[in-house]
Amino acid sequence: MRITDLRIHAIAIADPPLRSSYGLHAPYALRTIVELESDAGVVGITETYGGDAQVRQLEALRPQIIGANPYRLTGLLSPMVEGQGSGDARSQLHYVPGENPLDATTRTYAAIEVACLDLIGKTVGEPLCDLIGGRVRDEVPFSAYPFYKHAGGGGEGADARPDEYGEALSPEGLVRQVQQMVARYGFGSIKFKAGVLDPDIEIETVKQLYRALGPGVPLRIDPNSAWTVETSVRVGRALAEELGRGGYLEDPVAGLANMGEVRRQLLAEGIDTPLASNVAVTSFADIPESVRRDAVQIILCDHHYWGGPRQVQQLARLAKTFGLGLSMHSNSHLGVSLMGMAHVAAATPHLTYACDTHYPWQSAGDEVVLGGRIPIVNGCVRIPDLPGLGVELDYDQLARGRERYAECRYRKRDDEAEMRKHVDPNWRRILPRW
Ligand code: MG
């Protein structure tokens, strides 16, 4: 089998004004859809980060991809998977996921690997998860992902979308948002994006969530490194009960040394709430120091930037070896990515937590998967008995996504710039803020 064509589609999808410590989501999130076609006319697909830089990185691989055997291509490209460096520079401390030049080759490799696996799966008639070791679950649990948000449903002008969830800039607003999301999708875990309002308001938000949902629903809080060690310990103490029932405290503070110090101080008070991370630990090279310092007890994997499905499986094995838990990180995405995440999760036994997903924030009108949005039922995505990722592209919808990209003015993600444009002209990201 040979790859005879590579098609790269830069698309834009509506995204609501969600807040985090990085700033504000723009009205459009950028994604890239890639197709690899074989000499038998079979098409493998993938979805990854968006923007002009991502397109250029994929385009640069064209000479190696065209004519390649999809079974061998990832071996040929394997030096790309290491990326460059480790520690704070390589981490997601200063870059939103998808914008860090130091993991650019890892991200690009991951996209190619998924497209190759989808192509192989569709050629041999087997689901992707069964190509990479076989599924250990048919249904993959996902977590609700509530955000503080401004009013608006994403998109601009005539393309502005209805605001399904409304504004949520208070504990009560956030609880309403979660209840609405749980009623629609049946999520059984909650991952709350914090680092936006004063920590006392965010503590109160988690307490109200806990009261509204009960102790059976694990709660996670993720301020994306917005806090000091002192604030992190204070929040960990205040929410010991609420986060202690299968939840976690995610990246409260910047850097592995500080994470380790928060852990030490909480343990000294008898508080065993695990610390999770997708900011301080984003590559294999981060793991030795993290383990040495006991800085992170749960690693968030993400095949999009960890280097593809098989790297995630290796990460899982390593996490299990060191007694660490594994969860899954998410960015704004469509159904191709969701199915990629679900297949990786299905074939990763040591995935001990429900995966994050932004999927409820995206609109049906933007979906590029044939047949429309992937159902999330009882908080789970079911692996269909179909080859590869189990989804095909809707080419009309893909064309609309390309038009949106051509018409919108965004070419990279910059949450800080959006914050200055729409909320506070003097805003800048301060770490730690509290
Ligand atoms: Mg995070």
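The values are calculated or read from the model by the stated rules, or taken from the named source; none is laboratory data. These numbers were taken from a predicted model, which means no experiment stands behind them. Cβ atoms come from the backbone with ideal geometry, glycine included; neighbour counts cover every protein chain shown. Areas reflect the complete protein model, heavy atoms only, side chains present, ligands, DNA and RNA absent. Shrake-Rupley method; radii C 1.70, N 1.55, O 1.52, S 1.80 Å.
If you count, for each residue, the other Cβ atoms within 10 Å and average over each peptide, how do 77-85, 14-22, 124-132 line up from highest to lowest?
For the peptides 77-85, 14-22, 124-132, the packing ranking is 14-22, 124-132, 77-85.
With label points built 7 Å along Cα→Cβ from the Cα atoms of GLN314 and THR352, find their separation and express it in nm.
Output for this residue pair reads 2.2 nm.
Based on the Cα gyration tensor of the chain, what are the three equivalent ellipsoid semi-axes, each the root of five times an eigenvalue, rounded to whole Å and given largest first?
Working from the Cα gyration tensor, I get semi-axes of 33, 24, 21 Å.
Would you mind classifying the stretch 201-345 by shape? Square roots of the alpha carbon gyration tensor eigenvalues, ordered a ≥ b ≥ c; an a/c under 1.5 is rounded, otherwise it is prolate if a/b is larger than b/c and oblate if not.
Taking the square roots of the gyration eigenvalues as a ≥ b ≥ c, the stretch 201-345 is oblate.
Work out, step by step, the length gained on full extension between ALA151 and ASP88: first 0.36 nm times the residue separation, then minus their alpha carbon distance; give nm to one decimal.
Gain on stretching ALA151 to ASP88: 19.3 nm.
If you find the alpha carbon centre of the stretch 222-265 and of the stretch 1-36, how far apart are they in angstrom?
31 Å
Which of rounded, prolate, oblate describes the stretch 131-388, given a ≥ b ≥ c as roots of the alpha-carbon gyration tensor eigenvalues and a/c under 1.5 marking rounded, otherwise prolate only if a/b is larger than b/c?
Oblate is the answer for the stretch 131-388, as a/c is 1.5 or above yet b/c matches or exceeds a/b.
Using a Förster radius of 56 Å, what is the FRET efficiency between LEU169 and VAL124 based on their Cβ-Cβ separation? Nearest 0.05, please.
0.65
Subtracting the Cα-Cα distance from 0.36 nm times the residue separation, let me have the gained length for TRP427 to GLU37 in nm, one decimal.
Going from the current span to full extension adds 135.8 nm.
I need the peptides 300-308, 60-68, 344-352 ranked by packing, meaning the mean over residues of other C-beta atoms within 10 angstrom, with the highest value on top.
Descending packing order for the listed peptides: 300-308, 344-352, 60-68.
Using the structure shown, list the pairs from LYS193/LYS421; LYS122/LYS149; LYS191/LYS320; LYS320/LYS412; LYS207/LYS421 with a Cα-Cα distance above 30 Å, or answer none.
Result: LYS122/LYS149; LYS320/LYS412; LYS207/LYS421 exceed 30 Å.
What nm value, rounded to one decimal, do you get for the distance between GLN179 and LEU370 when each label is placed 7 Å out toward the C-beta?
Calculated label separation equals 4.2 nm.
When the chain is fully extended, how far beyond the present Cα-Cα distance does ARG411 get from ARG264, taking 0.36 nm per residue of separation?
48.7 nm
Just the accessible area per residue of the stretch 131-388, please: how many Å² with a 1.4 Å probe?
33 Å²
Under a crude label model (7 Å from the Cα following the beta-carbon direction), how far is ASP198 from ARG7 in nanometres?
For ASP198 paired with ARG7, the spin-label model returns 5.5 nm.
Just to confirm the filter: which trypsin sites (Lys or Arg not before Pro) across the stretch 363-434 are DSSP coil and have at most 10 other Cβ within 10 angstrom of their Cβ?
In loop regions of the stretch 363-434 (DSSP not H, G, I, E or B), the sparsely surrounded trypsin sites (Lys or Arg not before Pro) are ARG409, ARG428.
Please list 3J(HN,Hα) in residue order for the stretch 151-162, calculated via the Karplus relation 6.51 cos²θ - 1.76 cosθ + 1.60 where θ = phi - 60°; whole Hz, with x for glycine and proline.
Ordered by residue, 3J(HN,Hα) equals 5, x, x, x, x, 9, x, 5, 8, 5, 9, x Hz.
Using modelled backbone amide H atoms (1.01 Å from N, in-plane), which distant-in-sequence or interchain residues come within less than 5 Å of LEU18's amide H?
Close amide H contacts, sequence-distant or interchain: HIS25.
On the accessible surface of the stretch 131-388, probed at 1.4 Å, how many percent belong to carbon and sulfur atoms?
C and S atoms contribute 52 percent here.
If we count every other residue with Cβ under 13 angstrom of LYS193's Cβ, Lys/Arg +1 and Asp/Glu -1, where does the sum land?
Local net charge: -2.
If packing is taken as the average count of other Cβ atoms within 10 Å, what order do 150-159, 264-273 fall into, highest mean first?
Per-residue mean Cβ counts within 10 Å order the peptides as 150-159, 264-273.
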